[in-house]
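One structure is given here, and the rest of the page talks about it.
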Amino acid sequence: MTPLRVASSALRAGGLVAFPTDTVYGVGALLGDAAAVRRLYALKGRAPGKPVAICVPTAADIGCYAHTCFGSGARAQASGAALAALLPGPVTVVLERLPGLPAHLNPGHRLVGVRVPDHPLAVALAQQCGGALALSSANESGATGAAGAPGSPQAFRALWPGLGAVLGEDGALLHPAAGAAAAAAAAPSAADGATPPQPPLPSTVVDLSVPGRYRVLRHGAQLQQTVATLDALGCTAMS
């Protein structure tokens, strides 16, 4: 069985899987499995009321879970163009949720964050597991530094016992696995005495729920490019 099949089987069985994205490593759960989503919160020690995002394979899939029909006119066109321009990429777009989004995901929240990572493994996992995953970063809530922005599997090694599978950047199955090859793949790549690499930035989070307007909710990867793209499309920043 290929590593991808192992990971997707773990997800479909109700487990959690860590995998690379185009920003930090993420932990995914089957979107429709309420128990798995609860396990995601428990693994991270995440506050129950703090929402998680969803991961879908393409921008066209967003419309199954969130409003992407912004009405008519220039503002609506700008919002639609923004989705097409920003995704796939290192941006979480926040939109108004549709009734079809499972009620156990972020109950009480009118909006939902959506990721379309520009990474083949994340896309393939979502495709093999019903088209969407509940997604959060592979860290413990409140973690800082490399542990808060996990750029490698080693950064969240403490979470491995609670995971059904861990995929490396190249798609290799690091957990469950045994032997020197898996250990070497998970080990830090920096040489002894070398300056450790800077942790990667998480996705930039942008609220696009109001037609023709945007609000940056979290500074992250490609922030300047994201803002420049939205401004060029005629979207107006909200204060």
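Evaluated against (1) hydroxyl-bearing (S, T, Y); (2) assigned to a helix (DSSP H, G or I); (3) under 18 Å from the mean Cα position of the chain (by Cα), S79 falls short on exactly one condition, (3).
A single entry from V6, V37, V56, V27 fulfils the requirement of being closer than 23 Å to P199 by Cα and of a type outside the set (D, E, K, R): V27. Restricting attention to the range 158-177, the residues that are loosely packed, with under 15 Cβ neighbours inside 10 Å and closer than 14 Å to L43 by Cα add up to 2.
Quick check on A122: is it in a helix (DSSP H, G or I), without any contact (Cβ under 8 Å) to a residue 24 or more places away in the chain and either of a type in the set (A, V, I, L, M, F, W, C) or in contact with a Lys or Arg (Cβ under 6 Å, 6 or more places away or on another chain) (or both)? It is false that A122 is in a helix (DSSP H, G or I), without any contact (Cβ under 8 Å) to a residue 24 or more places away in the chain and either of a type in the set (A, V, I, L, M, F, W, C) or in contact with a Lys or Arg (Cβ under 6 Å, 6 or more places away or on another chain) (or both). For the range 206-239, the set of residues classified as of a type in the set (A, V, I, L, M, F, W, C) and closer than 17 Å to T68 by Cβ consists of V206, L208, V210, L230, L233, C235, listed by residue number.
Somewhere in the range 123-133, is a residue within 21 Å of G220 (Cβ to Cβ) and surrounded by fewer than 18 Cβ atoms within 10 Å (Cβ to Cβ)? Scanning the range 123-133 turns up no residue that is within 21 Å of G220 (Cβ to Cβ) and surrounded by fewer than 18 Cβ atoms within 10 Å (Cβ to Cβ).
Scanning the range 43-76 for residues that are part of a helix (DSSP H, G or I) and either of a type in the set (S, T, Y) or without any contact (Cβ under 8 Å) to a residue 40 or more places away in the chain (or both) yields A60, G63. Anything in the range 82-114 that is part of a helix (DSSP H, G or I) and either surrounded by 14 or more Cβ atoms within 10 Å (Cβ to Cβ) or touching a Leu at 6+ places or on another chain (Cβ under 7 Å) (or both)? List them, or say none. Hits for the range 82-114 are A82, L83, A85, L86. Candidates in the range 38-76 are the residues that are aliphatic (A, V, I, L, M) and more than 14 Å from the chain's Cα centre (by Cα); of these, the one that is surrounded by the most Cβ atoms within 10 Å (Cβ to Cβ) is A66.
Out of V227, V210, one residue alone is assigned to a helix (DSSP H, G or I), of a type in the set (A, V, I, L, M, F, W, C), closer than 30 Å to E96 by Cα and at pLDDT 95 or above. It is V227. When residues in the range 87-119 are screened for being without any contact (Cβ under 8 Å) to a residue 12 or more places away in the chain and under 19 Å from G26 (Cβ atoms), 0 of them pass.
Going through (1) at pLDDT below 95; (2) touching an Asp or Glu at 6+ places or on another chain (Cβ under 8 Å) one by one, A237 falls short only on (1). Of the set (1) more than 17 Å from the chain's Cα centre (by Cα); (2) farther than 20 Å from V205 by Cα; (3) touching a residue at least 24 places away in the same chain (Cβ under 8 Å); (4) assigned to a loop (DSSP other than H, G, I, E, B), all apply to M1 but (3). Counting the residues of the range 222-239 that are hydroxyl-bearing (S, T, Y) and closer than 22 Å to P200 by Cβ gives 2. Of the set (1) on the phi < 0 side of the Ramachandran plot; (2) assigned to a loop (DSSP other than H, G, I, E, B); (3) of a type outside the set (V, I, T), all apply to G130 but (1).
The values are calculated or read from the model by the stated rules, or taken from the named source; none is laboratory data. These figures come from a predicted structure and were not determined experimentally. As a convention, Cβ positions derive from the backbone with ideal geometry for all residues, glycine included, and neighbour counts pool all protein chains shown.
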